[in-house]
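Below is one structure, written out as structure tokens; the observations come after it.
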Amino acid sequence: MKRIRIDRLLPSQLLATCPARSATACSNRISQAVRVSKLPAPTLQRLSQTQIRCQSTEALSPDAIYEEGESSEIPLETPPDEGPDYSKMPLPSPHPDRARLSAKLSALHARLSLPSKLSVEVLARTLVDSSADAHPRFNNATLAYSGAALLQYHASEWLITRYPRLPMSILFAAMKAYAGVPALYQVAHAWGVECAAAPGEEVDPGLLQYAHDRATVSMGKWGYVRSESKELQRYKWRRGTSSRVLYDDAFGEMVPGQKKVEHDALDVSGGRNTKDLLEDDIKHTAYANFVRALIGAVWLHSGRDAAKAFVKAHILSRQLNLSSLFEFKIPTRELARLCARENFEAPVARLLSETGRLSRTPVFVVGIYSGRDKLGEGFGPSLDSARISAAINALKAWYLYSPGDVNLPSDMLSEDAAPWKPVYVDIGEVIS
Amino acid sequence: MTIRAIEKVSVGQNGLGAFILQCKKMDIHYCDYSGSSRGMNAFIKSQLSNFAKAHPQIEFAVSPRPRKHPVLIGHYINGRTKSICVKNMDSLQVLKKAQLLRDASGEKNKRVNKPVTSISESVRGVWSPYHGNGMVV
């Protein structure tokens, strides 16, 4: 009986164990989840099951990379003499060999027209959330991590080259609308993925498996844990846009600190605090992690181009009206600042048309001009609201400028790529 | 920060990008004894294997239902089901019904009286009485 020690694995085996990232909370959480000594009692018992499965060779998934010879050199950690009979205990997730027998799984494989290189066993692994099976060789945490990186890369390069003048806050919101958890949940639902009532060995491998009562590891969070994250959450400190770019994840949301979670777990007393402590939505996160893991699996098994095509077909082809994301506070002042910055003449609002000024329902049409150029036009029931809506339209026309289809930076990765033509990216928003 | 962002979620348009067949599962119930499922039994023997091979994205479940009429039940991605009783039909008619279930979207049948349905706004825009030169009456 022998046991793999996660800490001693070679770097080439990292994908199968945990993502090589020390600065964030997620990798810490994974490695902590694997270590038994730090865990509370109910998880301890579950983990001992997963370790036992690692000991039996028949349960290894086909894509596990490590070899028998290497693992035999690793010394034993615990004598397996005492304790319950682990071979009789059920596995936390279905056996990988059962993937071939699942009709649901092969139907899902065909429905998504996944490449044949991506076997159904890998597809089955992407359906196992880390809350269902804590062992990183059998859950989708590592695949979800790489998939999230790819997805956010492709989404952000597509948004930035297509809409080079988007303000940062709008870019964050657009990223979330395409690649955030709610969007990925809808994507997984539109694929016809159903979830199992509870994870276990006997569950059909074609069902998404996650535990309702245990929090999932928040995968796909790229960003730094701020040292002041506790105060930011508790006192609702303001986070500036630049620091959100620098520290936070791809959607401008703070990466929750590990310390904060542990600390709050101790001093939670009222019902108000427990709500902050729990994972926002375990179900939605599990579905989103499945989509990310599938992108990671496509990338791992059929390459970069297939993963990019998959992201484009399933995520970036969704529709989002970017102009509905904007909310302005003082649009007229911002338009004036914009004209000053771009050396346009100062904007002037002119009444173009009106009707029923003295009636109950007047309508004014106002255009905003800079010199002889009309920047925008809007209408409203009063002169002021018409001017504001005209300013908003002018600002949206500026910010939503699109050069059309241009080359993406990732297009240059293919060998027969045309020479790179620099794309235009604006210097940023007007007032931040 | 004068610009604030409103959170929205992008809307998926099936077929724009990837196409996902909406029928995800088909239950096929038959009876060995009664005459009303003679055509269904012939369908299962002769045509079902080819039909299932042609549609790997649909999960097929064949199960006997003794002393009942034969039924085809389609399960759809939106969570609805559609069931068709295929009693006394011959195998070709049953195949037609299976194809009908395959092609259905799972939505309730509704009357379509507009040639185009779209979520994006019209390119031409809405007519406005405040623009243009107007016509002198």
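Derivation of every value follows stated rules applied to the coordinates shown; laboratory data play no part. Model, not experiment: these values are computed from the prediction. Please note: Cβ atoms are built from the backbone with ideal geometry, for glycine as well, and neighbour counts cover all protein chains shown.
Relative to a virtual label point 7 Å from the Cα of A:Gln319 in the Cα→beta-carbon direction, which members of segment A:391-419 show backbone nitrogen distances below 19 Å? Nothing falls inside the zone, counting backbone N under 19 Å. Using a simple spin-label model with pseudo-atoms 7 Å out from Cα toward Cβ, A:Arg304 and A:Glu415 lie 1.2 nm apart.
What is the ratio of the Cα radius of gyration of chain B to 2.2 N^0.38 Å, with N the residue count, to two decimals?
On the way: Rg = 23.8 Å, N = 137, 2.2 N^0.38 = 14.3 Å.
Normalised Rg, Cα atoms only: 1.67.
Rank B:Met40, B:Leu95, B:Gly74 by how far each Cα sits towards the positive end of the charge dipole of segment B:23-103 (+1 on Lys, Arg Cβ; -1 on Asp, Glu Cβ) and give me just the farthest. My answer, from the dipole projection, is B:Gly74.
Within a 10 angstrom radius of the beta carbon, how do A:Tyr424, A:Tyr145, B:Tyr76 rank from fewest other beta carbons to most?
Working: A:Tyr424 10, A:Tyr145 28, B:Tyr76 19.
Sorted ascending by nearby Cβ count, the order is A:Tyr424, B:Tyr76, A:Tyr145.
Over what distance in Å are the Cα centres of segment B:75-101 and segment A:393-432 separated? Using only Cα atoms to place each centre, the spacing works out to 49 Å. Per residue, the average separation of C-alpha pairs within less than 8 Å and at least 6 apart gives chain B a relative contact order of 27 percent. For segment A:355-375, backbone nitrogen atoms closer than 12 Å to the point 7 Å from A:Phe344 Cα along Cα-to-C-beta are found at A:368-375. Computed on the Cα trace of segment B:23-103, the radius of gyration divided by the Kirkwood hydrodynamic radius gives Rg/Rh = 0.94. Note on B:Gln47 and B:Leu100: their simple-model spin labels are 1.3 nm apart, each label 7 Å out from Cα toward Cβ. Note on A:Arg333 and B:Arg80: with the Förster distance fixed at 56 Å, the Cβ-Cβ geometry gives a FRET efficiency of about 0.65.
Counted by neighbouring Cβ atoms within 10 Å, the residues B:Phe60, A:Phe310 run from fewest to most as B:Phe60, A:Phe310.
For peptide A:350-363, how many partner chain Cβ atoms fall within 10 Å of a residue's Cβ, on average? Write down the numbers at each step before the final one.
Working: counts 0, 0, 2, 6, 1, 2, 0, 0, 0, 0, 0, 0, 0, 3.
Neighbouring Cβ atoms belonging to other protein chains average 1 per residue here.
Put in line by how crowded their Cβ is, counting other Cβ atoms within 10 Å and starting with the fewest, A:Ile282, B:Ile3 read A:Ile282, B:Ile3. For A:Lys176, a cut-off of 19 angstrom between C-alpha atoms picks up these lysines, skipping any fewer than 8 places away in its own chain: A:Lys221, A:Lys283, A:Lys308, A:Lys312, B:Lys8.
The angle separating the long axis of helix B:91-103 from the principal Cα axis of greatest extent in chain B is about 30 degrees. Computing FRET efficiency as 1/(1 + (r/R0)^6) for A:Arg360 and A:His95, where r is the C-beta to C-beta distance and R0 is 60 Å, gives about 0.25. With the simple model of a label 7 Å out from the Cα in the direction of the Cβ, A:Ser227 to A:Ser116 spans 5.7 nm.
Using only side-chain charges placed at the Cβ, +1 for Lys and Arg and -1 for Asp and Glu, the dipole size of chain B relative to its Cα centre rounds to 400 debye.
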